[in-house]
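See below for the structure under consideration.
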Amino acid sequence: MRELPVESLRITLDDGNLTPLAGHPHLTSLDLTTTVPTDLAPLRTIPHLRGLDLSRADAPDPTVLADLTELRYLALTGRQWTTLLDKGEVPPSLTAARLADEDATLDDALAWAARLGLPTENAFRATGSFKSASG
């Protein structure tokens, strides 16, 4: 895998082994799904990793992510975010974060955003649908 000039990768690992990605020189974005608990430590060795979605991964210790100093985007489940926030291990350079729980309520999202230090006093919820001009 390291030899391929892949920048963005969506992968499902049945064995949870991230070692083949260790040190990948081109990878900037990873969307990971796992079916077994996965050690995230090899992610520390990917020098240009900027975006990461672990919301479909069984990652029992996401605190490793605090070592990803170049990470800009992170998508996690509420449980994964709680682990990071409780331990104070949020990656230092995040500019975008996603709470990837389909059943999260607005109150859940506001509480999560507040824990990240984001202002929530002017938050609003918009719903509706889009209808194109042609249809």
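The values are calculated or read from the model by the stated rules, or taken from the named source; none is laboratory data. Here the structure is a predicted model, which means the values were calculated and not measured. A quick note on method: Cβ atoms are made from the backbone with ideal geometry, for glycine too, and the neighbour counts reach across all protein chains shown. Just the protein is used for accessible areas: all its heavy atoms, side chains included, with ligands, DNA and RNA removed. Shrake-Rupley method; radii C 1.70, N 1.55, O 1.52, S 1.80 Å.
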Among beta bridges that DSSP assigns inside the chain, antiparallel share in %, nearest 5: 0 percent
Within the accessible area of the range 76-123 (1.4 Å probe), percent carbon and sulfur: 48 percent
Length gained when the stretch Asp15-Thr45 is fully extended (0.36 nm per residue, less Cα-Cα span): 8.9 nm
The chain: Rg to Rh, with Rh as the Kirkwood radius over Cα pairs: 1.03
Solvent exposure of the range 1-59 as accessible area per residue, Å², 1.4 Å probe: 50 Å²
Distance-filtered residues of the range 1-41 - backbone nitrogen under 17 Å, label point 7 angstrom along Arg98 Cα→Cβ: 8-12, 28-34
Contact order relative to length of the chain, as percent, for alpha carbon pairs under 8 angstrom and 6 or more apart: 16 percent
Mean Cβ neighbour count within 10 Å, used as a protection proxy, ranking 74-84, 7-17 highest first: 74-84, 7-17
